[in-house]
Amino acid sequence: MNILRPITIGGQEFKNRVLFPPLTTGYEDKDGTINEQSRAFYTRLAKGGVGYIVLGDVAPIPSFAVTPKLYDDSQIECFRKLADNVHAHGAKLGVQIFHPEYNSEVLNALFAAGKMEEVRSQLHHDMDHFVNEVMPETLDQIIDKMCACALRAQQAGVDVVSIHGDRLVGALCSPIMNTRSDEFGGSLENRTRFALMLVKAMKAAVPDMVIEYKLPVITPERGKGGVSIDEAPIFAQWLEQAGVDMLHVAQANHTGNMADTIPPMGVQPYCFFADITALVKSVVSIPVSTSGRIIDPAMSEELLNEGKADMVGIGRALLADPDWVNKTLAGRPQDIIRCIGCNEGCVDTVLNRSFIACVVNAENGFEAVRFITPAEQRKKVVVIGGGACWLRGCSCGCY
Ligand SMILES: Cc1cc2nc3c(=O)[nH]c(=O)nc-3n(C[C@H](O)[C@H](O)[C@H](O)COP(=O)(O)O)c2cc1C
């Protein structure tokens, strides 16, 4: 199968074409440390055969948000441990570096003082206005911090630095959110200036790392962060020229409606970003991946066979079954536990400041401590009340 074939990107060989896209998990410690829970989760994915794993939303600054953080040299060690564990199973590791679309210093200070009402109101203001208020000098400093973060990732043995094209970067690129009148606003060239400056700075800071860019595309139906569908092919070519080694074309996750990016069952068709990805892929020569409701090997294979993508991102479906790749390799795709798109154990829990724990995989989130093994003694068991109702909000209508 094509999805199981290796691929070379930026001079590095990835053992197959299945990637775990960036998903904020809520597993890390409050200071962003990769703890045992986080390490066990990603290691389990690597053990299950995934070729490339991306750590979502890694912050280059201290922040109150529940994401991994890599802003100080003392944090390198925990990333090194993670990289070693993932590499032991033959997978590559990437960190998705982002900068929030808010004034983190102001918000951190309010959060530390416990002024939660003010945190909420400042956040609300910044999500719409920071992109237009941030000074060019501050943008330069943000690039320096993101590059310093990439350098630490390189020191930790991470293979790929993935630039998050949403959040602040996507807000600046956006024809909807960016209303600036300086050199960072207006034309496509101006709106993407910061993104391209960042790519070039990263390339210079970590020349030996593979540089990936998550390219969110705004359509008439969906999204606020990133570039419009007409602009995407032009911007993709500029990104390639600036030194990007691979593109991940997927919906933005933060600056729009959450269901745009992470649609629950029945909201978007399967593989809903595939045609937009194909449009981008047709104009660049670097590998292009996509994600968005791709849940089984047959769908993934079709995307590759049709030439719409070079790699497939399997997010929630890998929470449901981390052995997705190994079962495919073993010729047992029918045994894969399918993601039902309920968003209950992943999206809902993370939004409520807890951690991902998939409702169809009892081990997920507990990979370090919970192991489901075959019963020592076989028994006949009757399950009473095991219908879909317990998922709450699953839209089956029976709850
Ligand atoms: C719980 C959760 C957290 C996410 N966090 C991020 C993130 O930190 N960065 C990002 O770019 N996308 C994030 N996403 C979006 C995913 O990368 C992906 O685009 C989306 O889940 C659709 O793919 P899927 O249908 O295979 O899950 C998140 C998705 C989920 C479910």
Between the Cα axis of helix 116-133 and the main Cα principal axis of the chain, the angle (0 to 90°, nearest 10) is 60 degrees
Which listed pairs, of 47/379; 224/281; 214/327, have C-alpha distances above 26 Å, in listed order
47/379; 214/327
Give the carbon-plus-sulfur fraction of the accessible surface of the chain in %, rounded to a whole number; probe 1.4 Å, heavy atoms of protein chains only.
53 percent
Which residue, 261, 179, 373, has the most motion in a Gaussian network model of the chain that connects Cα atoms within less than 10 Å?
373
Subtracting the Cα-Cα distance from 0.36 nm times the residue separation, let me have the gained length for residue 382 to residue 329 in nm, one decimal.
15.8 nm
Quick check on the chain: helices-only [θ] at 222 nm, where DSSP H runs of length 4 and up contribute -39,500 (n - 2.57) each and the sum goes over total residues. Nearest 500, please.
-10000 deg cm²/dmol
So what J values fall out for the stretch 160-177 if you push phi through Karplus, 6.51 cos²θ - 1.76 cosθ + 1.60 with θ = phi - 60°, rounded to Hz, Gly and Pro as x?
10, 9, 9, 7, 7, x, 9, 6, 4, 4, x, 5, 5, 6, 6, x, 8, 8
Taking R0 as 22 Å and r as the Cβ-Cβ distance between residue 108 and residue 155, the FRET efficiency 1/(1 + (r/R0)^6), rounded to the nearest 0.05, comes to 0.30
Angle between the chain longest axis and helix 76-87 axis [Cα atoms, degrees, rounded to 10]
50 degrees
Can you give the direction-averaged projected area of the convex hull of the alpha-carbon atoms in the stretch 314-358, in nm²?
3.0 nm²
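Out of every Cα pair in the stretch 262-319, what percent are spaced more than 18 Å from each other? Walk me through the intermediate numbers first.
Working: 460 of 1653 pairs.
More than 18 Å apart: 28 percent of the Cα pairs in the stretch 262-319.
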From the phi angles alone, apply the Karplus equation (6.51, -1.76, 1.60; θ = phi - 60°) to the stretch 11-23 and give each ³J(HN,Hα) in whole Hz, x where the residue is Gly or Pro.
x, 10, 8, 9, 6, 8, 10, 9, 10, 9, x, x, 9
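Loop-only GluC sites (Glu not before Pro) in the stretch 272-360, please: DSSP not H, G, I, E or B, and at most 12 other Cβ atoms within 10 Å. Walk me through the numbers on the way to the answer.
Values: sites: 301, 302, 306, 344; in loops: 306.
Here the sparse-neighbourhood loop sites are 306.
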Taking the Cβ of residue 280 as the center, what net charge do the other residues with Cβ under 14 Å away carry, scoring Lys and Arg +1 and Asp and Glu -1?
-3
Taking the 0 to 90 degree range and rounding to the nearest ten, how far is the long axis of helix 232-242 tilted relative to the main principal axis of the chain, both from C-alpha atoms?
80 degrees
Taking just the C-alpha trace of the chain, give me its Rg and Dmax in Å.
20.5, 71
Which of 120, 167, 222 ends up with the largest GNM mean-square fluctuation for the chain, with Cα atoms connected below 10 Å?
120
Quick one: which residues, 5 or more positions from residue 218 or on another chain, have an amide H under 5 Å from its amide H? H modelled 1.01 Å from N in the peptide plane, none for Pro or chain starts.
227, 228, 229
Within the stretch 213-231, list the residues whose amide N lies under 18 Å from a label point set 7 Å along Cα→Cβ of residue 282.
217-220, 228-231
Within the set 337, 53, 218, GNM on the chain using Cα springs under 10 Å gives the largest fluctuation to 337
Cα convex hull of the stretch 1-116, projected area averaged across orientations, nm²
8.2 nm²
Just to confirm, what accessible area per residue do you get for the chain at 1.4 Å probe, in whole Å²?
42 Å²
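The values are calculated or read from the model by the stated rules, or taken from the named source; none is laboratory data. This is a predicted model, so every value here is computed, not measured. Every residue, glycine as well, gets a Cβ built from its backbone with ideal geometry; the counts of neighbours run over all protein chains shown. The area values use the complete protein model at the heavy-atom level, side chains included, leaving out ligands, DNA and RNA. Shrake-Rupley method; radii C 1.70, N 1.55, O 1.52, S 1.80 Å.
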